[in-house]
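First comes the structure, then the notes that go with it.
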Amino acid sequence: MGNKNDRTDEVVKGQITQPYHKRVAKRIDETVVFEFPDGIPAFEDSKRFVLCLNDKIKPFFYFKSLDVQGLGFVCIDPFLVCKGYSVKLAAKDQSLLGLEDVNTAFVFSFVTVEKDPCNSTTNLLAPIVINMENLRGRQVILDENFPVRFNIWKGLEEQELEKEQGKSS
């Protein structure tokens, strides 16, 4: 029987249940370079990224590769579109990120943009997690049963409806 330090698949004690802006104090702009030592699945040659923020496309932002010209991803804060979303990191992922405190994690998810924006989706099963202390990131696959294609528009409508119902109570 091994000791508890040998268990690399244990879930981190803390879980991420809040949008990043409530937990991450570091300012994010296009000068902050995020390192992905393993790259992103299917894009392993791209290891350095920046976030491009633009008020005109809020709540979306662009995650741009510095290594592969023309490579980038439209992204969104998954907590914004999915009530009850949470990220439980496996100990292995936490270790690879060097993440000692889940409150220093920045979490977002990739968006699949469709011709009809009402059909655009986000991947809740495999979010990007970045340790804002060392700027190291990786895409993780969660054990939870979140969808790979979660409809953003419906999620935003549900959040707005819930806000309105809360105000009228």
With a Förster radius of 35 Å, plug the Cβ-Cβ distance of Glu160 and Val32 into 1/(1 + (r/R0)^6) and report the FRET value to the nearest 0.05.
0.70
Computed ³J(HN,Hα) along the stretch 115-132: with the Karplus parameters 6.51/-1.76/1.60, θ = phi - 60°, integer Hz and x for glycine or proline, the list is 3, 8, x, 5, 9, 5, 10, 10, 8, 7, 7, 10, x, 8, 10, 10, 7, 6
Please compute the Kirkwood hydrodynamic radius over the stretch 4-168, one decimal place, Å, based on all pairs of different Cα atoms.
16.6
Report, as a whole number in µm² per second, the diffusion coefficient that Stokes-Einstein gives for the stretch 103-169 at 10 °C and 1.306 mPa s using the Kirkwood radius over alpha carbon pairs.
116
Table column - 3J(HN,Hα) (Hz), the stretch 41-49, Karplus curve with 6.51, -1.76, 1.60, x for Gly and Pro
x, 6, 9, 5, 6, 9, 10, 10, 9
Cβ charges +1 (Lys, Arg) and -1 (Asp, Glu), total dipole of the stretch 4-168, debye:
280
Just the number, please: percent antiparallel of the DSSP beta bridges in the stretch 4-168, rounded to the nearest 5.
95
So what J values fall out for the stretch 159-166 if you push phi through Karplus, 6.51 cos²θ - 1.76 cosθ + 1.60 with θ = phi - 60°, rounded to Hz, Gly and Pro as x?
5, 5, 4, 5, 4, 4, 5, x
Mean Cα-pair separation over length for the stretch 4-168, i.e. relative contact order, pairs under 8 Å, 6 or more apart, %:
23
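Laboratory data are not the source of any read-out in this text; all were calculated from the coordinates shown. Since the structure is predicted, the reported quantities are computational estimates derived from the model, not experimental observations. Don't worry about glycine lacking a Cβ; one is built from the backbone with ideal geometry, like all the others, and counts go over all protein chains shown.
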